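**Q** Please see the structure below; I have some questions.
The values are calculated or read from the model by the stated rules, or taken from the named source; none is laboratory data. In this text, all values refer to a predicted model and were calculated from it rather than measured experimentally. Neighbour counts run over all protein chains shown; Cβ positions are idealised from the backbone, glycine included.
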Amino acid sequence: MRGKIIVIEGTDCSGKETQSVLLEQKLKERGKKCVHFGFPMYDTPTGKIVGGPYLGNPEICLGYFPEGADKVDPHIASLYYAADRKYNMDKILPYLNDGYYVILDRYTTSNLAHQGSKIQDKDERFLMYQWIDKLEYWLLQLPKPDQTIFLHMPYQYSLELRKNRKFLDENERSSEHLKNAEDAYIELSEMYNWKRIECVQDGSIRSVSDINQEILDFLEI
């Protein structure tokens with residue numbers, strides 16, 4: 001029996017990786033077959049291309065694009081991320097075909113938000129969403145997620161939290177990109193009916209365990 005893909009998405013500093021790892025742990029404790037992957041896969045050839053030449057992560061190399069990653073044409077940028085998913089899908093499909101819950105920290109949904117956010121006109125942005133959807137799911141035949149969970153960390157809080165990071169890539173260094181990406185995520189969550197979880201409540205950031213419990217309650221696994 002085919003397993004299920006659960007995507008954990010979110011705005012910057014929303015705890016995507018933390019929640020993905022914790023969800024894997026909780027499901028295993030419940031006796032479920034479960035595995036976790038994160039995109040881009042920075043330790044693979046395609047992931048290194050995304051992290052270094054495109055994003056300019058200083059731990060890999062300086063970015064190749066003089067205009068900066070946040071200014072690269074979204075059609076071009078989308079291809080790098082899509083290639084990373086296609087290249088590494090052979091690591092995921094055996095688990096999916098063996099009935100595992102496959103938890104993905106970011107997926108095609110990240111491409112939709114971050115590349116769509118570069119387009120200001122709403123109609124053109126919608127066409128960009130459709131283009132990415134066709135590229136990854138139809139042309140590259142990547143499996144569609146069964147559930148997408150969107151962790152919403154408001155932009156103002158992200159700016160404070162990112163100060164604790166040792167390294168920032170070019171997208172993370174652009175406050176304009178982060179704000180536009182947040183708007184795109186919200187738009188997409190409503191358009192695709194993702195489960196939206198607010199990371200801030202009554203002016204305070206919620207605890208990791210509190211957010212994780214909401215995820216578990218939603219999934220009902």
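Residue-by-condition table, conditions (1) out of contact with any Ser or Thr (no Cβ under 9 Å at 6 or more places or on another chain); (2) at pLDDT 90 or above; (3) aliphatic (A, V, I, L, M):
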{"site": "TYR155", "(1), (2), (3)": "no, no, no"}
{"site": "LYS163", "(1), (2), (3)": "yes, no, no"}
{"site": "LEU168", "(1), (2), (3)": "yes, no, yes"}
{"site": "ASN171", "(1), (2), (3)": "yes, no, no"}
{"site": "HIS177", "(1), (2), (3)": "no, no, no"}
{"site": "ALA184", "(1), (2), (3)": "no, yes, yes"}
{"site": "TYR192", "(1), (2), (3)": "no, yes, no"}
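**Q** Could we say that ASP105 is acidic (Asp, Glu) and more than 15 Å from the chain's Cα centre (by Cα) here?
**A** When the stated conditions are applied, ASP105 does not pass them.
**Q** Checking GLN25 against (1) in contact with a strand residue (DSSP E or B) (Cβ under 9 Å, 6 or more places away or on another chain); (2) in contact (Cβ under 8 Å) with a residue 40 or more places away in the chain; (3) outside any strand (DSSP E or B), only one condition comes out false. Which one?
**A** It fails just one condition, (2).
**Q** Among the residues of the stretch 25-34, is any of a type in the set (Gly, Ala, Ser) and at negative phi?
**A** no
**Q** Is it the case that some residue within the stretch 116-130 is among the small types (Gly, Ala, Ser), closer than 24 Å to ILE149 by Cβ and under 17 Å from the mean Cα position of the chain (by Cα)?
**A** Yes, that holds for at least one residue.
**Q** Another one. Sort through ASP133, ASP90, ASP121 and tell me the only one that's without any contact (Cβ under 8 Å) to a residue 40 or more places away in the chain and under 20 Å from ASN193 (Cα atoms).
**A** Testing whether each residue is without any contact (Cβ under 8 Å) to a residue 40 or more places away in the chain and under 20 Å from ASN193 (Cα atoms) leaves just ASP133.
**Q** Going by what's in this entry, would LYS16 be described as within 22 Å of ILE197 (Cβ to Cβ), touching a strand residue (DSSP E or B) at 6+ places or on another chain (Cβ under 9 Å) and crowded, with 21+ Cβ neighbours inside 10 Å?
**A** It is true that LYS16 is within 22 Å of ILE197 (Cβ to Cβ), touching a strand residue (DSSP E or B) at 6+ places or on another chain (Cβ under 9 Å) and crowded, with 21+ Cβ neighbours inside 10 Å.
**Q** A follow-up question, please. State all residues of the stretch 100-112 that are in a helix (DSSP H, G or I) and of a type in the set (Val, Ile, Thr); if no residue qualifies, say none.
**A** Within the stretch 100-112, THR108, THR109 qualify.
**Q** Out of TYR87, TYR80, TYR101, which single residue is touching a Leu at 6+ places or on another chain (Cβ under 8 Å) and either at pLDDT 95 or above or under 24 Å from ALA184 (Cα atoms) (or both)?
**A** Unique residue meeting the criteria: TYR101.
**Q** Now, a different point. Within the stretch 46-78, how many residues are assigned to a helix (DSSP H, G or I) and crowded, with 16+ Cβ neighbours inside 10 Å?
**A** Residues that pass the stated criteria total 14.
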